[in-house]
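Asker: A single structure is presented below for examination.
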Amino acid sequence: MEPVFIHPTAVVDEGCEISEGTKIWHFCHIMPDCKIGQNCNIGQNVVISPGVILGNNVKVQNNVSIYTGVTCEDDVFLGPSMVFTNVSNPRSAINRRGQYEKTHVGKGASIGANATIVCGHDIGEYAFIGAGAVVTKNVPPYALVLGNPARQVGWISEYGHRLSFDNHGFATCPESGTVYNLHQNIVSAIR
C-alpha cells in the first residue's frame, strides 16, 4: 500500500486519522478529529470539518467543503464544487454550533458537480445525484435524482447506467451484466 501523500500547501490539523494510499492535494484544510479511509483522493481547495468520516476510496473533487455531521461510506464520489450544509436555519447573529444536522452518504453513491445536499437528508447506496441538483429529502438506494428541488427520475446501476425494469420488475446493467429487481419501490442487486 502506498503511503499518505499530503501536498506542502495543505494544512492537516492534529487529531486526524488519514489511512494509507490517501492523497491530499493543494490548498486543502483537514480539521481535527476527521477520519479519512484508505486510497481516498482529496482534490485541491477542499475543506473537511471536524468529525467528518470518509470511508475507503472516496473521491473528493476540487472546491468541496465537507461539514461536521457528514459521513461517507466507501467508494463515494463527490463532484467538483458540490455543497453539503449542516444547519437548516443559519443566521449570522445566532450561534448554532451544536445543532449540526447529520447527512449520511451510502456506499458507491455519486454526487454531481455543483449539487447541494441540504443537511439532515441521507443519500442511499449507489444513488446518483445529477449535476446542479438540490437535494431536500432522503434519496433511496440506486435512485437517480435531478433538478431543483431534486426529483427521482429513475433508477441506476452500480456501474452508473440507467435501469429499465420489465413488467416483472427486472433489469440488467449493460456494462456489468448484474441483474436488479424492483419490488415495492425498492431496488436490489441479485448476486
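The values are calculated or read from the model by the stated rules, or taken from the named source; none is laboratory data. Here the structure is a predicted model, which means the values were calculated and not measured. When we count neighbours, we look across all protein chains shown, and the Cβ atoms used for this are built from the backbone with ideal geometry, even at glycine. These accessible areas exclude ligands, DNA and RNA; they are computed on the full protein's heavy atoms, side chains included. Shrake-Rupley method; radii C 1.70, N 1.55, O 1.52, S 1.80 Å.
Asker: Can you find a residue that is without any contact (Cβ under 8 Å) to a residue 24 or more places away in the chain and either open to solvent by 30 Å² or more (accessible area, probe 1.4 Å) or over 14 Å from the mean Cα position of the chain (by Cα) (or both) anywhere in the range 108-118?
Answerer: no
Asker: Tell me, yes or no, whether the range 37-48 has at least one residue that is under 22 Å from residue 140 (Cβ atoms), without any contact (Cβ under 8 Å) to a residue 60 or more places away in the chain, open to solvent by less than 70 Å² (accessible area, probe 1.4 Å) and of a type outside the set (A, V, I, L, M, F, W, C).
Answerer: no
Asker: Show the residue pairs that are 6+ apart or on different chains and have beta-carbon atoms under 8 Å apart, the first residue being within the range 54-71 and touching a residue at least 40 places away in the same chain (Cβ under 8 Å), the second being open to solvent by 60 Å² or more (accessible area, probe 1.4 Å) and polar (S, T, N, Q).
Answerer: none
Asker: Looking only at residues that are touching a strand residue (DSSP E or B) at 6+ places or on another chain (Cβ under 6 Å) and under 16 Å from residue 74 (Cβ atoms) in the range 1-33, which one is least open to solvent (accessible area, probe 1.4 Å)?
Answerer: 22
Asker: Just give me the residues in the range 56-65 being assigned to a loop (DSSP other than H, G, I, E, B) and open to solvent by less than 10 Å² (accessible area, probe 1.4 Å), in sequence order.
Answerer: Listed by number, the residues that qualify are 58, 64.
Asker: Another question, then. Considering only the range 122-155, how many residues are within 15 Å of residue 76 (Cβ to Cβ) and either in a loop (DSSP other than H, G, I, E, B) or open to solvent by 40 Å² or more (accessible area, probe 1.4 Å) (or both)?
Answerer: 8
Asker: Continuing with the same structure: Being more than 21 Å from residue 31 (Cα to Cα) and part of a strand (DSSP E or B) is the filter; apply it to the range 66-107 and report the residue that is least open to solvent (accessible area, probe 1.4 Å).
Answerer: In this case the residue turns out to be 94.
Asker: Exactly one of (1) open to solvent by 60 Å² or more (accessible area, probe 1.4 Å); (2) acidic (Asp, Glu); (3) touching a residue at least 12 places away in the same chain (Cβ under 8 Å) is unmet by residue 158. Its number?
Answerer: That leaves (1) as the condition not met.
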